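So the structure is just underneath, and the comments pick up after that.
The values are calculated or read from the model by the stated rules, or taken from the named source; none is laboratory data. Not measured: the values here are computed from a predicted model. A quick note on method: Cβ atoms are made from the backbone with ideal geometry, for glycine too, and the neighbour counts reach across all protein chains shown. Note: accessible area is taken over every heavy atom of the protein model, side chains too, but ligands, DNA and RNA are not part of it. Shrake-Rupley method; radii C 1.70, N 1.55, O 1.52, S 1.80 Å.
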Amino acid sequence: MVKAVVGANWGDEGKGKITDMLSEDADIVIRFQGGANAGHTIVNEYGKFALHTMPSGVFHSHIMNVIGNGVAFDIEKFLNELDDITSKGVPAPNILVSDRVQVLMPYHVLFDTLEEARLAGKSFGSTKSGIAPFYSDKYAKIGWQINEFFQDDDVLKEKIASIAAIKDTLLTDLYHTEPLDQEALLAWIKAQRERIAPFLGNVSLYLNEAIKNNKTILLEGQLGTMKDPDHGIYPMVTSSSPLAAYGAIGAGIPPYEIKQIVVVTKAYSSAVGAGEFVSEIFGEEADLLRNNGGDGGEYGATTGRPRRVGWYDCVASKYGCRLQGCTDVALTVLDALGYLDEIPVCVAYELDGEETTEFPVTKDLARCKPVLKKFKGWKCDIRGIKNFEELPQEAQDYVNFIEQAIGYPVTMVSNGPSRSDIIYRKSPLKN
Ligand code: GDP
Ligand code: MG
């Protein structure tokens, strides 16, 4: 059975923790999109880890961790992360990288950095991991599938020269910098292919067999619906689809095999980078939420920069769940709200004097104001509670309200960062 764990919002909903938790019963965990531009935080018996390229199953020795063809594959970061986790005592994980995955080249990072600098104040807030230039090249058909690395020098040189013809014009004329060093690029390709060769294989074939053998397969999404290039807050989006549906493409499996879609949403909102965020809060109120949030505050797993924060957004989350095709909602970080006397929730948007609960197109979002409803806080520590009925009534009311407002079944409530901090809940929306 194939399950997807994906985000309803702007990312950082706590997908890493939920994937790590669900991995206990999984045979295979797959990354199907994105690259090293976002991070998952996982807390377990080995310590606290920020994963950027590794699938979240790497801490379980019974799991095969797969990098699907849809990923922007940064070989160096991948190998560094592997060294990092094994050096902290984690047994060497099983890893399979698709022989069709495309490689994030050193010049993708360069172009990302140059473009962010050129846009200055109007930048996208990119993590400068090379993701946008990578996907642009992939769809412009000048990318590198990893299998292409294993060709004769002459073939490689010819491809490098044809790419340089385009890139050098931009480098010299637009960015006023040096052209690509073609020799160095060839040497880089040859060095990388030696290091990565042992991990490569035919992923779609492997998964086809696994599905036939009834293996439990987890598709692990990065970011969330708001960052989808089609359905998110374009253009402040990422460059590959974080939707569960894309898991079929980015891993190479039939779409009808994805039977369960766990959509992760946090009990308040956070976002990194620029873009519309209707329920965002500022000042002291935001500092408090940021410092109480997540596991040790809402600061980026990749960049360490403070995340933007706001109240729970039912409008964005309902839309986010719908586009993901949600079968189960995992509501995370509920424990972090224990400090509040009153908890505001964004229940609708006011757009040009009218209230709506349907998520508008980006051009209208900027004019939306949050319609807030306040809930009584529970004012205590709810970590360690295992049954929904044992939560303070105020916390139950909060979860029940969110479930009704978004219209999807909340079957998991996460009340702490570690794997065991989870409450399975019977939802009235699921029989
Ligand atoms: P991801 O990108 O969706 O995997 O989310 P991140 O890992 O970037 O951010 C989520 C943050 O919340 C991390 O610091 C997690 O350790 C933390 N976290 C996840 N679930 C919970 C929870 O239920 N309670 C608390 N306090 N922290 C959590
Ligand atoms: Mg994250």
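Within the full protein context, the accessible area of H60 is estimated at about 20 Å² for a probe radius of 1.4 Å.
Distances between placed amide hydrogens fall under 5 Å for L200 paired with V97, all partners being 5 or more residues away or on another chain.
If you find the alpha carbon centre of the stretch 268-308 and of the stretch 117-185, how far apart are they in angstrom? That distance is 33 Å. Surface analysis of the stretch 336-399 yields an accessible area of 56 Å² per residue, using protein heavy atoms and a 1.4 Å probe.
Select from the stretch 1-57 those chymotrypsin sites (Phe, Trp or Tyr not before Pro) which occupy a DSSP coil region and have at most 13 other Cβ atoms within 10 Å, ordered by residue number. Loop-located and lightly packed - Y46. Measuring from a point 7 Å past the Cα of A140 along Cα-to-C-beta, which residues in the stretch 82-116 have an amide N at less than 18 Å? Backbone N within reach: 102-116. L323 contributes an accessible area of around 40 Å² to the protein surface, as traced by a 1.4 Å probe with all chains present.
FRET efficiency for the S420 to N94 pair, using the beta carbon distance and R₀ = 30 Å, is estimated at 0.80. Here K48 is the anchor, and the aspartates and glutamates within straight C-alpha reach of less than 20 Å, apart from those fewer than 8 places off in the same chain, are D12, E13, D20, E24, E81, D83, D84, E220, D295, E298, D335, D421.
Estimated at 0.36 nm per residue, the fully extended path between S87 and D154 surpasses their Cα-Cα distance by 20.3 nm. Annotation for the stretch 365-431: trypsin sites (Lys or Arg not before Pro) lying in DSSP loop with at most 14 further Cβ atoms inside 10 Å of their Cβ are R367, K379, R383, K386, K426, K430.
Pairs with C-alpha atoms separated by more than 31 Å, drawn from the list K88/K426; K266/K369; K88/K215, are K88/K426. When the residues R118, R193 are ordered by accessible surface, computed with a 1.4 Å probe over the protein chains alone, the sequence from largest down reads R118, R193. Full extension of the segment from A197 to A366, taken as 0.36 nm per residue of separation minus the current Cα-Cα distance, would add 56.1 nm.
How would the stretch 239-333 be classified by its alpha-carbon gyration tensor: rounded, prolate or oblate, with rounded meaning a/c under 1.5 and the a/b versus b/c comparison settling the rest? Note, shape of the stretch 239-333 comes out prolate. Computed on protein heavy atoms with a 1.4 Å probe, the accessible areas place F150, F78 in the order F150, F78, largest first. Histogrammed with a bin width of 5 Å, the alpha carbon distances of the stretch 164-299 distribute as 2, 7, 11, 11, 11, 13, 14, 13, 11, 6, 1, 0 percent, first bin at zero.
When the P(r) of the chain is calculated, the portion above 26 Å amounts to 55% of the C-alpha pairs. Each peptide among 222-228, 179-185 gets the average number of other Cβ atoms lying within 10 Å of its residues, and from highest to lowest they stand as 222-228, 179-185. Over the chain, with a Gaussian network built from C-alpha contacts below 10 Å, which listed residue (G201, G294, G232) shows the highest mean-square fluctuation? Among G201, G294, G232, the largest mean-square fluctuation in the Gaussian network model of the chain belongs to G201. Of K15/K376; K227/K379; K77/K363; K122/K167; K77/K318, which pairs sit farther than 25 Å apart, going by alpha carbon to alpha carbon? Long pairs (Cα-Cα over 25 Å): K15/K376; K227/K379; K77/K363; K77/K318.
Ligands, DNA and RNA left out, the accessible area of the chain computed with a 1.4 Å probe is 51% carbon and sulfur. Residues in the stretch 41-50 carry Karplus couplings, in order, of 10, 10, 10, 8, 5, 8, x, 10, 10, 10 Hz; the curve used is 6.51 cos²θ - 1.76 cosθ + 1.60 with θ = phi - 60°, and Gly or Pro positions show x. Averaged over its residues, the stretch 45-155 has an accessible area of 41 Å² per residue, based on protein heavy atoms and a 1.4 Å probe.
The H on the amide N of I261, modeled in the peptide plane, is under 5 Å from the matching H of A4, T327, D328, each at least 5 residues off or on a different chain.
Length available on full extension from E257 to K386: 0.36 nm per residue minus the Cα-Cα distance, which gives 43.3 nm. One Cα centroid belongs to the stretch 32-106, the other to the stretch 235-262; the line between them spans 18 Å. Between K212 and D181, the modelled label-to-label distance comes to 4.8 nm, taking each label 7 Å out from Cα in the direction of the beta carbon. For the chain, C314, C346, C368, C380 stand unpaired, since no other cysteine beta carbon lies under 4.7 Å from theirs. Loop-located GluC sites (Glu not before Pro) in the stretch 1-107 (DSSP state other than H, G, I, E, B) with a sparse environment of at most 14 neighbouring Cβ atoms within 10 Å: E24, E45. When the Cα gyration tensor is reduced to axis lengths a ≥ b ≥ c, the ratio a/c is 1.5 or higher for the stretch 45-156, and with a/b not above b/c it is classed as oblate. Taking a ≥ b ≥ c as the square roots of the eigenvalues of the Cα gyration tensor, the stretch 376-431 is oblate, since a/c reaches 1.5 or more and a/b is not larger than b/c.
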